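**Q** Here's a structure for you.
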Amino acid sequence: MRPGAKASEIEGEHGGALKVAVSAAPEKGRANRAVERLLAEALDTRVSAVSIVAGERSRDKVVEIRGLEREEIRRRLSEILGSK
């Protein structure tokens, strides 16, 4: 995760992880909430279904997405990444 970027976007994939940039500053959890919103919007799911479960204070995060099967998440992300 790259906080303080010009725009919030999924930038790509590197080493099996998503590269995500958010415009929110990394203070008071703002960037974390922005990551959750970005992923929810990209995956067409509720923000409440997306949670950072590890790495709250790190650029490397583990995110849980409830309500979607792993293969469906991969399919949707492939569509997003394929359009870049």
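Nothing in this text is a laboratory measurement; each read-out follows from the coordinates by a stated rule. Note that the coordinates shown come from a computational prediction; the quantities given were computed from them, not determined experimentally. With ideal geometry, Cβ positions are generated from the backbone for all residues, glycine too; neighbour counts draw on all protein chains shown.
**Q** Cα axis of helix 30-43 to longest principal axis of the chain: angle in degrees, 0 to 90, nearest 10?
**A** Value to nearest ten degrees: 10.
**Q** Let me ask something else. In debye, nearest 20, what is the charge dipole magnitude of the chain about its Cα centre with +1 on Lys and Arg Cβ and -1 on Asp and Glu Cβ, if you could check? Don't skip to the answer; put the middle values down first.
**A** On the way: 17 positive and 14 negative charges, 59 e Å.
Magnitude of the dipole: close to 280 debye.
**Q** To one decimal place, what Kirkwood hydrodynamic radius in Å is obtained for the chain from all pairs of distinct Cα atoms? List each step's numbers first, then the result.
**A** On the way: mean 1/r = 0.0776 Å⁻¹.
Taking every pair of different Cα atoms in the chain, averaging 1/r and inverting gives 12.9 Å.
**Q** Here is a follow-up. Out of the range 20-54, which GluC sites (Glu not before Pro) are coil in DSSP terms and have no more than 15 other C-beta atoms within 10 Å?
**A** Sites meeting the loop and neighbour criteria: 27.
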